[in-house]
1. Mind checking which pairs have a first residue in segment 42-71 that is within 11 Å of residue 85 (Cα to Cα) and a second that is surrounded by 15 or more Cβ atoms within 10 Å (Cβ to Cβ) and among the basic types (Lys, Arg), Cβ under 6 Å, 6 or more apart or different chains?
2. When residues of segment 1-48 are filtered for being exposed (fewer than 13 other Cβ atoms within 10 Å of the Cβ) and not in a helix (DSSP H, G or I), how many remain?
3. For residue 73, which of the numbered conditions (1) under 12 Å from the mean Cα position of the chain (by Cα); (2) among the basic types (Lys, Arg); (3) within 15 Å of ligand 1 (Cβ to nearest atom) fails to hold?
4. Can you tell me which residue is farthest from residue 88 (Cα to Cα) among those in segment 46-70 that are more than 8 Å from the chain's Cα centre (by Cα) and near ligand 1 (Cβ under 10 Å from one of its atoms)?
5. When you scan segment 49-78, how many residues do you find that are within 15 Å of ligand 2 (Cβ to nearest atom) and surrounded by 16 or more Cβ atoms within 10 Å (Cβ to Cβ)?
Amino acid sequence: MKSFGYTITKDRQIDYDANDRRLIEYVEGIEPSIRICMECGSCSATCTAGHFTDFSIRRLHTLLQRGETLHLRKEIEKCMLCGKCQLVCPRGVNLRNLILIIHQALDKLHHDL
Ligand code: SF4
Ligand code: SF4
């Protein structure tokens, strides 16, 4: 094929319908406080794990909302469960419990969720 000096970039469109929403539905059912998050980023700015690794609790939340569970386990394992994020959250989102429930949900997902 003739080279025009450029390549066509890979499609980066997110197909929400194709993603698995079972995890977020399970998590929201047990910890509904996640629904009132206003994406301010205070949790990420304070996060202990975020200071030492590339962990971002906001990214984790986005992956969860999109139903993208593929990288979620690797990401969540970086959290130290220190609870600092929860102390600064202006909406009182129960983030520590949320992380524990995601762990639980990821295990369940492979069985009957
Ligand atoms: S601090 Fe609370 S409201 Fe702000 S992004 Fe984090 S969870 Fe959401
Ligand atoms: S509990 Fe996890 S997400 Fe929250 S501040 Fe600590 S390390 Fe970060």
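Since every read-out is calculated from the coordinates, none of them should be taken as a lab result. Values in this document were obtained by computation on a predicted structure and should not be read as measured data. Every residue, glycine among them, receives a Cβ derived from its backbone with ideal geometry; neighbour counts consider all protein chains shown.
1. Here the result reads 44/58; 46/84; 48/84; 49/78, each pair linking segment 42-71 to a residue that is surrounded by 15 or more Cβ atoms within 10 Å (Cβ to Cβ) and among the basic types (Lys, Arg).
2. 18
3. Among (1) under 12 Å from the mean Cα position of the chain (by Cα); (2) among the basic types (Lys, Arg); (3) within 15 Å of ligand 1 (Cβ to nearest atom), residue 73 violates only (3).
4. If we take residues in segment 46-70 being more than 8 Å from the chain's Cα centre (by Cα) and near ligand 1 (Cβ under 10 Å from one of its atoms), then 47 is farthest from residue 88 (Cα to Cα).
5. Pass one, segment 49-78, residues within 15 Å of ligand 2 (Cβ to nearest atom): 49-64, 72-78.
Now drop any that are not surrounded by 16 or more Cβ atoms within 10 Å (Cβ to Cβ), which leaves 49-50, 55-58, 60-61, 63-64, 72, 75-76, 78.
Going through segment 49-78 one residue at a time, the tally reaches 14.
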